[in-house]
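J.: Dropping a structure here in structure tokens format, bear with me for questions.
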Amino acid sequence: MFTVEQRDALRERVLALAKDDGRIVAGAAVGSLALGGGDRFSDLDLTFAVADGVPVAEVLDDWTRTLSHESGAVQLVDLERAPTIYRVFLLRDALQFDLSLTPAARFAPAGPRWRTLFGDIVETQARAPKPPAAGDLFGWGVIYGLHARTCIERGRVWQAEHYVGAVRDHALSLACLRRDLPAVQARGYDDLPADALSAFDGTHVESLDPERLRSALSAGMRRLLGEARDANLSGVDAVAERLAGLP
């Protein structure tokens, strides 16, 4: 496991790389460490502005070669959210480094976890990510519940287990949304009140036995419907009535 000292050393090396690269005009810390939070397990997240007219991918590939040669960084995945490109690296001792590059004209905070390190940004007001819509969470939860039931009947138990978990996750996301907690990537689950979490007892799949799968699915659907009712979503009773008629 990486140490805080290793993470700090990587941070300083990347910042030096940025300041020595004339194509980089600004930089910021993002993520859990940006504002003094995080802990010894937190990943390193840095973002930089690339001078207008310089291809972002060109800089990203140059830095990838440098980090690979110097630090043994392994490129895991790219995520493009135009005009930003995110590249995730895995370094020695399982240190994850998330690097993102954006054209300077569009370099601005995309959320509250942002601290400018050098250079100028387009906007000073962070744009808070839009939370998922409660109706969409409920609708997809119902769809996954139907898929789970079909997979159980077909004997596709591994696929069924996946969908049963998706039902539970969408119900938990609804519970988070209603309490103004983060409702994506399970970030708010552990901050839900104890009584809210206890209501999810029985929603976990204990085995691939069809009856256990049906039991967990039933519990998950009850919570999904319950959270939807608490959120005053329309159509919940009609959905419940139609699901009740399934064998």
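J.: Criterion first (touching a Phe, Trp or Tyr at 6+ places or on another chain (Cβ under 7 Å), surrounded by 16 or more Cβ atoms within 10 Å (Cβ to Cβ) and assigned to a helix (DSSP H, G or I)) does L17 satisfy it?
T.: Criteria met by L17.
J.: Select from the range 1-14 the residues that are polar (S, T, N, Q) and part of a helix (DSSP H, G or I) and list them in ascending order.
T.: Q6 - this is the single residue of the range 1-14 that is polar (S, T, N, Q) and part of a helix (DSSP H, G or I).
J.: If you check L213, L208, L197, L217, which single one turns out to be surrounded by fewer than 16 Cβ atoms within 10 Å (Cβ to Cβ), at pLDDT 95 or above and part of a helix (DSSP H, G or I)?
T.: Answer to the selection: L197.
J.: Here's a check for you: in the range 231-243, which residue that is assigned to a helix (DSSP H, G or I) and open to solvent by 80 Å² or more (accessible area, probe 1.4 Å) is nearest to L174 (Cα to Cα)?
T.: D237
J.: Follow-up. Examine the range 66-80 for a residue that is at pLDDT below 95 and under 23 Å from the mean Cα position of the chain (by Cα), and state whether such a residue exists.
T.: Looking through the range 66-80, at least one residue is at pLDDT below 95 and under 23 Å from the mean Cα position of the chain (by Cα).
J.: A further question follows. Checking the conditions here, which among F118, F107 is in contact (Cβ under 8 Å) with a residue 24 or more places away in the chain, out of contact with any Ser or Thr (no Cβ under 6 Å at 6 or more places or on another chain) and surrounded by 19 or more Cβ atoms within 10 Å (Cβ to Cβ)?
T.: Selected residue: F107, the only one of F118, F107 that is in contact (Cβ under 8 Å) with a residue 24 or more places away in the chain, out of contact with any Ser or Thr (no Cβ under 6 Å at 6 or more places or on another chain) and surrounded by 19 or more Cβ atoms within 10 Å (Cβ to Cβ).
J.: I've got another one for you. Against the definition (over 20 Å from M221 (Cα atoms) and open to solvent by less than 80 Å² (accessible area, probe 1.4 Å)), how does P132 come out, yes or no?
T.: no
J.: Across the range 82-101, what is the total count of residues that are in contact with a Lys or Arg (Cβ under 9 Å, 6 or more places away or on another chain) and among the β-branched types (V, I, T)?
T.: Going through the range 82-101 one residue at a time, the tally reaches 1.
J.: Taking the condition under 26 Å from the mean Cα position of the chain (by Cα) and outside any helix (DSSP H, G or I), does D190 pass?
T.: No, not satisfied.
J.: Can you run down the residue pairs with Cβ atoms below 9 Å, 6 or more apart or on separate chains, where the first is in the range 209-223 and without any contact (Cβ under 8 Å) to a residue 12 or more places away in the chain and the partner is open to solvent by 50 Å² or more (accessible area, probe 1.4 Å)?
T.: Cβ pairs passing all conditions: R212/E206.
J.: How many residues are over 15 Å from V142 (Cα atoms) and either touching a Phe, Trp or Tyr at 6+ places or on another chain (Cβ under 8 Å) or open to solvent by 40 Å² or more (accessible area, probe 1.4 Å) (or both) when one looks only at the range 162-176?
T.: 1
J.: Right, another one. With respect to G38, is the statement that it is without any contact (Cβ under 8 Å) to a residue 12 or more places away in the chain and either hydroxyl-bearing (S, T, Y) or surrounded by 16 or more Cβ atoms within 10 Å (Cβ to Cβ) (or both) true?
T.: Judged against the criteria, G38 is a match.
J.: Looking at (1) more than 30 Å from A186 (Cα to Cα); (2) of a type in the set (K, R); (3) surrounded by 12 or more Cβ atoms within 10 Å (Cβ to Cβ), which one does R87 not meet, given that it meets all the others?
T.: Here R87 meets the rest and fails (1).
J.: With among the β-branched types (V, I, T), within 21 Å of P109 (Cα to Cα), in contact (Cβ under 8 Å) with a residue 60 or more places away in the chain and buried (at least 17 other Cβ atoms within 10 Å of the Cβ) as the only criterion, which of V30, V59 stands out?
T.: V30
J.: Right, something else. Applying the selection to the range 143-160, what residues are among the hydrophobic types (A, V, I, L, M, F, W, C), within 17 Å of R222 (Cβ to Cβ) and surrounded by 21 or more Cβ atoms within 10 Å (Cβ to Cβ)?
T.: If the condition is that a residue be among the hydrophobic types (A, V, I, L, M, F, W, C), within 17 Å of R222 (Cβ to Cβ) and surrounded by 21 or more Cβ atoms within 10 Å (Cβ to Cβ), then A148, I152 are the ones that fit.
The values are calculated or read from the model by the stated rules, or taken from the named source; none is laboratory data. Here the structure is a predicted model, which is why all the values come from computation and not from measurement. Cβ coordinates were reconstructed from backbone atoms using ideal geometry, including for glycine residues, and neighbour counts include every protein chain displayed. Remember, those area values only see protein heavy atoms, side chains included, never the ligands or the DNA or RNA. Shrake-Rupley method; radii C 1.70, N 1.55, O 1.52, S 1.80 Å.
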